[in-house]
Amino acid sequence: MEILNKLKILTDAAKYDVCASSACSQSNWGSKGFGNMSRMGVCHSFTPDGRCISLFKVLLTNQCINDCLYCINRKSNDRLKTCFGERELADLFIQFYKRNYVEGLFLTSGIYKNSEETMERMIKVIEILRFEYQFRGYIHLKVLPGVSPGLINKGAVLANRMSINLECPTTNKLELICPEKDFKHDLIAPMLSMKKIIKNDKTKIPAGQTTQMIIGASGENDREIITTSAWLYQKVNLCRIYYSAFIPVNQASNLPVKEPVSLKRESRLYQADWLMRRYGFAFQELPFDQTGNLPLDFDPKMAWAILNLDKFPIEINKASYRALLRIPGIGEISARRIIKLRKDFHITSLEELKNIGVVLKRAVNFILIKGKYFGQASFNNKILPILGENSLLPNQNQEQLAFAL
Amino acid sequence: MIIKFKDKFESIFYAVLYGNLTGYYLSSQNEPDDLFQAEEFIEIERLNWKEILDQHNQKFGKINWFKNQDEQFRQFKNTIELALRHWKQFKYKLIIETIRQALKFGLIYVNNKTSNEAKDLLNLTGQVKSDIHRALGFIRFIPIERGKEKFLLAYFEEDSQVGDLVINNFKNKYFGYNLLIKTSKTVYFLYQHQLYQLATNKFDLQITKDNFDKFWEVFYQANFIPERKNTKLAKKLIPKKYWSWLKEGQIINQVDKNLI
C-alpha cells in the first residue's frame with residue numbers, strides 16, 4: 001500500500017484520541033539537535049470541527065487483537081488494515097516537522113499480536129527519531145494495555161509525555177465495552193508504573209502522564225467519571241485527563257449506548273475537572289443532579305455558587321485568592337490581577353473589574369465592591385425555583401472513591 | 001512645538017517626561033506629520049535625558065518604579081515594546097496616556113489593565129502576541145538544499161511587525177538550517193546565525209509550491225470528525241488572511257458546503 005493511503009487510514013483511525021497538548025517546559029534530550037519544545041504549545045492548524053492540530057497523531061497499525069465495542073479499530077470491524085514501517089513512519093514525521101506542519105509526534109497503535117511486541121515497535125520509531133535524526137522535539141507515546149514495566153521505563157526515557165487510555169471509570173463499566181481488558185492489571189498498573197518512574201527520576205516523562213475516558217459509551221454517569229478523575233489526580237498524579245464524547249462508529253448490537261453523547265456534556269466535564277485541578281474544588285463539592293450528572297443548564301461553578309448562596313456576596317477588596325476563584329466570572333488571571341492591585345488600590349467600580357477581565361454578567365450577583373451590592377435584588381428569589389427544578393445535590397457519595405483505594 | 005520620539009521605550013518615556021515639563025505635543029518619528037508640517041519640532045534623542053529626569057523628579061516627585069526597574073517595570077516595558085510593533089497608529093496615543101497613568105498611579109495600576117487606556121494597550125499587545133503565536137503555527141516551510149547548506153523558506157503575511165521575533169523563535173527549532181521568511185514588505189533571512197532584513201521589492205525570490213502539500217491535505221482531512229463539525233469555530237481560529245497559503249481555508253469552506 002502506498003504511504004499516502006497508509007497515512008489516511010492510520011490518521012483517520014487515531015483521531016478519536018483527543019489529546020492535542022504539545023507544551024513541555026523541560027527537555028529530557030538537551031537543546032542541541034533538531035527540533036525543540038515549547039512551554040505554551042503551538043497549534044499548527046484547526047480541523048473543520050474546531051480542534052487544534054499540533055501533533056502528528058497516527059497509529060503505528062490499526063490491526064488489533066481486541067474487540068472493544070466502541071472502537072473503530074476493533075478486530076471484528078471490516079475495515080482496511082495496514083501498518084507503517086518504523087523507519088517509514090519516522091521519515092514521514094520528520095518531513096511534517098521540518099515544514100512546520102506539526103509541533104511533535106503522538107504515537108499510538110492498535111495491538112498487533114500482543115502489547116509487548118507492538119510497544120517495542122513503537123519505541124523503535126522513537127529511537128530512530130532520537131538517535132538518528134537527533135530529534136529534540138515533543139513526543140507523546142501511548143502505552144498499550146498490559147505492557148510490562150520494563151518497556152514503560154524504556155519509553156519513559158525517550159518520550160516527553162506518556163499516557164494509557166482508561167476509557168471507562170470503573171471495572172464494571174469497562175467490562176461492558178472492553179471485555180478483553182482488565183481494569184486494574186492492564187490499565188491502572190501501567191499508570192502506577194509511570195507514576196513511580198516520574199517520582200524516581202524527574203528527567204523521565206517530563207510532561208507527565210495523562211489518560212482519556214470515553215464519555216457515555218458504557219452508560220456511566222458524570223459522578224462516576226469525576227470520582228475516578230479525582231482519584232487519578234490524587235493518587236496517580238496524572239497531569240491531565242481528557243474526555244471524549246462517545247460517537248458510535250460501530251454497529252455492535254451489544255453496545256450499552258447507541259446514541260452519540262452531547263458535546264455539552266463533554267464540556268461540563270472539562271469544566272468540573274478544571275475546578276478540581278486549578279480552582280481548589282474538592283470533588284465532593286461538585287454539584288450533580290439526581291441522575292448523577294452535572295447540570296447542563298449551568299456550568300459547574302455557577303451551579304456550586306447557586307447551591308451555596310449563603311457564602312455570597314463576597315467583598316472583592318478583601319476576599320482571598322481561593323475565595324475569588326469561587327466567584328462565577330472570575331478566573332485565575334483576573335483573581336491574580338485583583339490580588340496584585342489590592343496591594344496599592346481599592347477596587348471601586350464595576351468598570352475597573354471589567355477591565356481587569358472579570359465577566360460581570362456572571363459575577364455581579366455574587367460580589368460586593370466596597371460594601372456595595374450591584375446585583376439583582378431579587379436574585380435569590382429568581383434563582384431558587386430554578387435550583388428546585390434541577391434538583392441539584394452536592395456530591396456526598398464517596399463510595400465509588402473507595403474502589404481504587 | 002512638537003517633541004519627536006523614536007519607536008523605543010526609553011525614547012517615548014523621556015518624551016512623556018519632557019512633555020509633562022513643557023506641555024509640548026508628542027509625536028513619533030514614524031507618524032505621518034502632514035498636520036504639523038508648519039510646526040517646529042524637537043527630537044528627544046538630542047536632549048540630555050538625565051537632566052529631563054532630574055527636572056521631572058524635582059517638579060513631580062521621584063519615579064520609584066523607573067529607579068527600581070523590577071519585574072513590574074520589565075512587564076510594562078515589554079508591553080510597550082510589543083505594542084510599538086502593532087500596525088495601528090493610535091498605539092502611540094495609548095502608549096503615551098498609559099505612561100502618564102503609570103507616572104501618576106504606579107505600574108501595578110496599568111499592568112493590571114485597570115483603566116480603559118491600559119486595557120486597550122494590553123489588548124493591542126495581546127494582538128501582537130497572537131500574531132507571533134499564529135505565525136509560529138501557521139508558517140509552512142519549504143526545505144531546499146544547496147550544496148552543504150540547508151534552507152527553509154516560507155511566505156507569511158504579517159500585520160504587526162513581528163518577523164524578526166518569529167524567525168528568532170524558529171532558530172532553535174531548526175538548528176543547522178538557514179531560514180528565510182518573506183512577507184509583502186520585508187524579507188527576514190537568518191543566514192549562518194545572523195539575521196538580515198531586506199525590503200521585499202529588492203529581493204528577487206519566488207517561493208515555489210511544495211509537493212508535500214498533498215500529504216498535509218490527506219492528514220488534515222483525515223483528522224476531521226464530521227459528528228463534531230464546527231466550521232464557524234474553525235474559521236474563527238484560522239482567520240481568512242492566512243488562507244492565501246493555508247489549504248485548510250478551502251477545505252473548511254468545502255466542509256461548510258457539505259462537499260466533504
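Data overview
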item	result
Sole residue being away from chain A (no Cβ under 11 Å) and either part of a loop (DSSP other than H, G, I, E, B) or over 16 Å from B:F156 (Cβ atoms) (or both), chosen from B:K235, B:K214, B:K241, B:K209	B:K209
Number of positions in segment B:153-180 that are in a strand (DSSP E or B), within 23 Å of B:I238 (Cα to Cα) and within 11 Å of another protein chain (Cβ to nearest Cβ)	2
Matching entry among A:P328, A:P256, A:P295 (being away from chain B (no Cβ under 14 Å), without any contact (Cβ under 8 Å) to a residue 40 or more places away in the chain and assigned to a loop (DSSP other than H, G, I, E, B))	A:P328
Out of A:I226, A:I247, sole residue that is under 21 Å from A:K142 (Cβ atoms) and not in a strand (DSSP E or B)	A:I247
Filter result for B:R85 (touching a residue at least 40 places away in the same chain (Cβ under 8 Å) and either loosely packed, with under 13 Cβ neighbours inside 10 Å or not in a helix (DSSP H, G or I) (or both))	yes
Given (1) touching a residue at least 24 places away in the same chain (Cβ under 8 Å); (2) surrounded by fewer than 15 Cβ atoms within 10 Å (Cβ to Cβ), number of the condition A:K184 does not satisfy	(1)
Condition check for A:L275: at pLDDT 95 or above and either assigned to a helix (DSSP H, G or I) or surrounded by 15 or more Cβ atoms within 10 Å (Cβ to Cβ) (or both)	yes
Residues that are within 14 Å of chain B (Cβ to nearest Cβ), assigned to a helix (DSSP H, G or I) and hydrophobic (A, V, I, L, M, F, W, C), drawn from segment A:333-373	A:I333, A:A335, A:I338, A:I339, A:L341, A:L350, A:L353, A:I356, A:L360
Inter-residue pairs, beta-carbon under 7 Å, first farther than 18 Å from B:T183 by Cα and in segment B:233-260, second of a type in the set (K, R) and surrounded by 14 or more Cβ atoms within 10 Å (Cβ to Cβ), 6+ apart	B:I252/B:K235; B:V255/B:K229
Residue among A:L92, A:L60 that alone is hydrophobic (A, V, I, L, M, F, W, C), closer than 29 Å to A:L263 by Cα and touching a residue at least 40 places away in the same chain (Cβ under 8 Å)	A:L60
Among (1) more than 24 Å from B:K173 (Cα to Cα); (2) assigned to a helix (DSSP H, G or I), the one test that A:C64 misses	(2)
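One line per residue, one yes/no per condition, for (1) in contact with a helix residue (DSSP H, G or I) (Cβ under 8 Å, 6 or more places away or on another chain); (2) within 20 Å of A:G137 (Cα to Cα):
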{"position": "B:W87", "(1), (2)": "no, no"}
{"position": "B:F105", "(1), (2)": "no, no"}
{"position": "B:L124", "(1), (2)": "yes, no"}
{"position": "B:F156", "(1), (2)": "yes, no"}
{"position": "B:D159", "(1), (2)": "yes, no"}
{"position": "B:N169", "(1), (2)": "yes, yes"}
{"position": "B:F175", "(1), (2)": "no, yes"}
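The values are calculated or read from the model by the stated rules, or taken from the named source; none is laboratory data. Predicted model only: the values in this text are computed from it and were never measured. Glycine gets a Cβ as well: all are built from the backbone with ideal geometry, and neighbour counts include every protein chain shown.
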